[in-house]
Amino acid sequence: MLDKIGIAKRIAKEVKDGYYVNLGIGIPTLVANFVRDDIEVEFQSENGVLGMGPFPFEGEEDADIINAGKQTITTLPGASFFDSALSFSMIRGQHVDLTILGAMEVSENGDIANWKIPGFMVKGMGGAMDLVASAENIIVAMMHTNKKGKSKLLKRCSLPLTGVGCINKIVTNLAVIEITDGGFKLLERAPGISVEEIVSSTDGRLIIDGDIPEMIID
Amino acid sequence: MINKKVFNVKDALEGVKSGMTLMVGGFGLSGIPENAIEQLVKLELTDLICISNNAGVDDFGLGLLLKKHQIKKMISSYVGENDEFERQMLSGELEVDLIPQGTLAEKCRSAQSGIPAFYTPAGFGTEVAEGKETRAFGNKMYVLEHAFKADFSFVKAWKGDEAGNLIFKGTARNFNPNMCGAAKITVAEVEEIVPLGELDPNQIHIPGIFIQRIFQGSNYEKRIEQRTIRKN
């Protein structure tokens, strides 16, 4: 089974040379640490920066330079700052090549829910609705089951939706899964995880076609 | 040069009344108009409708107004950092419109630009689109969203001049430029008012035409919400 770092490492392999990438809060933010260093990638944060670098060294934090998770960041040579409207022109205008975000639930037809638990937790959608409604290449990073052990991969989402039919791929602590017309398609198993374990942790329709290889992480 | 300079925050907020709709710049605590917010607290105005991406934290930013129950309604995209906000919202004391961040930005920009409404794909098929007109363009569905209408816009910039020209710094820019000229009166507070002519016209982010009042703020705290560092 993968931990959060493992999920981030596996997703990093989906980042290709020349991509502009938007990373969501949580596990997605970790992905930047594991992208191959022989390719050129620029990270966009929807609060208005392209060309994000690593976190600053102590003493070099700047309150005026943060990411969408409100964390202090640095910028790399070639970086740019811009306003929120222009930032979402990049996103809705499909200039961003890859979007990686977290989720509470994903359904077998690619719906995603990640912004609200009615009556309990309402934090808001932030930029997630704009991202999922616009991007063509979206990967969800999440745990396969919730804290109560229930599957987060469902036939239909039970929580209020963030977007409909928009997710392409899911990387969890157990598996890599693609969304197809027929439902969830199992592509890879996490190291040490059996197909049966993935089946028993998945509520939606899971297509298993032939031998399922183990993920290559490092 | 048409002079937009006022001498203090008190003059800058002349005419703001209870019940008004206010745009407030900033993303998290970055680029918020700290001086204007402090003055709104002092004025003890109530029933305010605030348009701002976030709602501050419990003891800073718009959280200061929330704590004193001065805000009737918030229009935001993300409010996760404020426990008091969440408590007031879940108990029904505070009205909240949560809208997608890009839609929020575009509703500001449209108001600034004289565009009454626009179609966006964000929120289609979700509760955000409930009761709104939807329409297909090509084979994709879009939601009709309207420009904001606001009485005052409070923005924060890095540098400005008496003509109201503004330059922002880093990601403190965020919603601030989009809110300039998006309300009946835009009040800009800046860290430094520089002599006229010092700002290079090529470098100006927002021309003074969008600004009615500008003043040099003081005592900026610029609080960092998530101080994140890397190990040596």
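A single entry from A:ILE100, A:ILE27 fulfils the requirement of being in contact with a Pro (Cβ under 6 Å, 6 or more places away or on another chain), under 23 Å from B:THR228 (Cα atoms) and buried (at least 16 other Cβ atoms within 10 Å of the Cβ): A:ILE100.
Whether a residue is more than 10 Å from chain A (Cβ to nearest Cβ) and surrounded by fewer than 20 Cβ atoms within 10 Å (Cβ to Cβ) was assessed, and B:ASP161 does not pass this test.
Out of A:MET129, A:MET125, A:MET143, one residue alone is within 8 Å of chain B (Cβ to nearest Cβ), in a loop (DSSP other than H, G, I, E, B), within 16 Å of the chain's Cα centre (by Cα) and not small (Gly, Ala, Ser). It is A:MET125.
Please determine whether any residue of region B:87-96 is over 22 Å from B:GLU145 (Cβ atoms) and under 17 Å from the mean Cα position of the chain (by Cα). For region B:87-96, residues over 22 Å from B:GLU145 (Cβ atoms) and under 17 Å from the mean Cα position of the chain (by Cα): absent.
Identify, please: which residue in region B:131-158 is over 23 Å from the mean Cα position of the chain (by Cα) and within 23 Å of B:THR21 (Cα to Cα) and is, among those, surrounded by the fewest Cβ atoms within 10 Å (Cβ to Cβ)? Of everything passing the filter in region B:131-158, B:GLY131 is surrounded by the fewest Cβ atoms within 10 Å (Cβ to Cβ).
Kindly evaluate B:GLU198 against the criterion of being in contact (Cβ under 8 Å) with a residue 12 or more places away in the chain, within 14 Å of chain A (Cβ to nearest Cβ) and surrounded by fewer than 19 Cβ atoms within 10 Å (Cβ to Cβ).
It is false that B:GLU198 is in contact (Cβ under 8 Å) with a residue 12 or more places away in the chain, within 14 Å of chain A (Cβ to nearest Cβ) and surrounded by fewer than 19 Cβ atoms within 10 Å (Cβ to Cβ).
Take region B:5-44 and flag every residue that is assigned to a loop (DSSP other than H, G, I, E, B), buried (at least 20 other Cβ atoms within 10 Å of the Cβ) and out of contact with any helix residue (DSSP H, G or I) (no Cβ under 6 Å at 6 or more places or on another chain).
Matches in region B:5-44: B:GLY26, B:GLY28, B:LEU29, B:ILE32, B:PRO33.
Taken together, the residues in region A:31-45 that are farther than 16 Å from B:LYS169 by Cα and either within 14 Å of chain B (Cβ to nearest Cβ) or crowded, with 24+ Cβ neighbours inside 10 Å (or both) amount to 5. Contact map, region A:190-201: first residue assigned to a helix (DSSP H, G or I), second residue of a type in the set (Val, Ile, Thr) and at pLDDT 95 or above, Cβ cut-off under 9 Å, separation 6 or more or different chains; pairs are A:VAL195/A:ILE208; A:VAL195/A:ILE212; A:ILE198/A:THR172; A:ILE198/A:ILE177; A:ILE198/A:ILE208; A:ILE198/A:ILE212; A:VAL199/A:ILE208. Considering only region A:184-218, how many residues are modelled with pLDDT under 95 and under 18 Å from A:VAL106 (Cβ atoms)? Within region A:184-218, residues that are modelled with pLDDT under 95 and under 18 Å from A:VAL106 (Cβ atoms) number 2. The residue of region A:146-189 that is surrounded by the fewest Cβ atoms within 10 Å (Cβ to Cβ), among those that are charged (D, E, K, R) and not in a loop (DSSP other than H, G, I, E, B), is A:GLU178. Of the numbered criteria (1) surrounded by 18 or more Cβ atoms within 10 Å (Cβ to Cβ); (2) at the interface with chain B (Cβ under 7 Å from one of its Cβ atoms), the one A:PHE57 fails is (1).
Being surrounded by fewer than 20 Cβ atoms within 10 Å (Cβ to Cβ), touching a residue at least 12 places away in the same chain (Cβ under 8 Å) and either farther than 29 Å from B:GLU221 by Cα or under 22 Å from the mean Cα position of the chain (by Cα) (or both) is a description that applies to B:TYR119.
Considering each residue of region B:70-127, count those that are touching a Cys at 6+ places or on another chain (Cβ under 6 Å) and over 18 Å from A:GLY127 (Cβ atoms), and give that number.
1
Of all the listed residues (B:ASP47, B:ASP83, B:ASP58), the sole one being within 23 Å of B:GLY217 (Cβ to Cβ), surrounded by fewer than 20 Cβ atoms within 10 Å (Cβ to Cβ) and among the acidic types (Asp, Glu) is B:ASP58. Of all residues in region A:152-170, those that are touching a residue at least 24 places away in the same chain (Cβ under 8 Å) and within 13 Å of another protein chain (Cβ to nearest Cβ) have Cβ atoms under 8 Å from Cβ atoms of residues that are surrounded by fewer than 18 Cβ atoms within 10 Å (Cβ to Cβ) and part of a strand (DSSP E or B), 6 or more apart or on another chain, in A:LEU159/A:ILE117.
Going through (1) within 11 Å of another protein chain (Cβ to nearest Cβ); (2) without any contact (Cβ under 8 Å) to a residue 60 or more places away in the chain; (3) not acidic (Asp, Glu) one by one, B:GLN88 falls short only on (1). For region B:187-194, check the following and say yes or no: at least one residue is surrounded by fewer than 15 Cβ atoms within 10 Å (Cβ to Cβ), in a helix (DSSP H, G or I) and either within 16 Å of the chain's Cα centre (by Cα) or modelled with pLDDT of 95 or more (or both). Among the residues of region B:187-194, not one is surrounded by fewer than 15 Cβ atoms within 10 Å (Cβ to Cβ), in a helix (DSSP H, G or I) and either within 16 Å of the chain's Cα centre (by Cα) or modelled with pLDDT of 95 or more (or both), which makes the answer no. A single member of B:ASN219, B:ASN178, B:ASN174 is buried (at least 19 other Cβ atoms within 10 Å of the Cβ) and at positive phi, and it is B:ASN174.
The values are calculated or read from the model by the stated rules, or taken from the named source; none is laboratory data. This structure is a prediction, so every number in the text was calculated from the model and none was measured. Cβ coordinates were reconstructed from backbone atoms using ideal geometry, including for glycine residues, and neighbour counts include every protein chain displayed.
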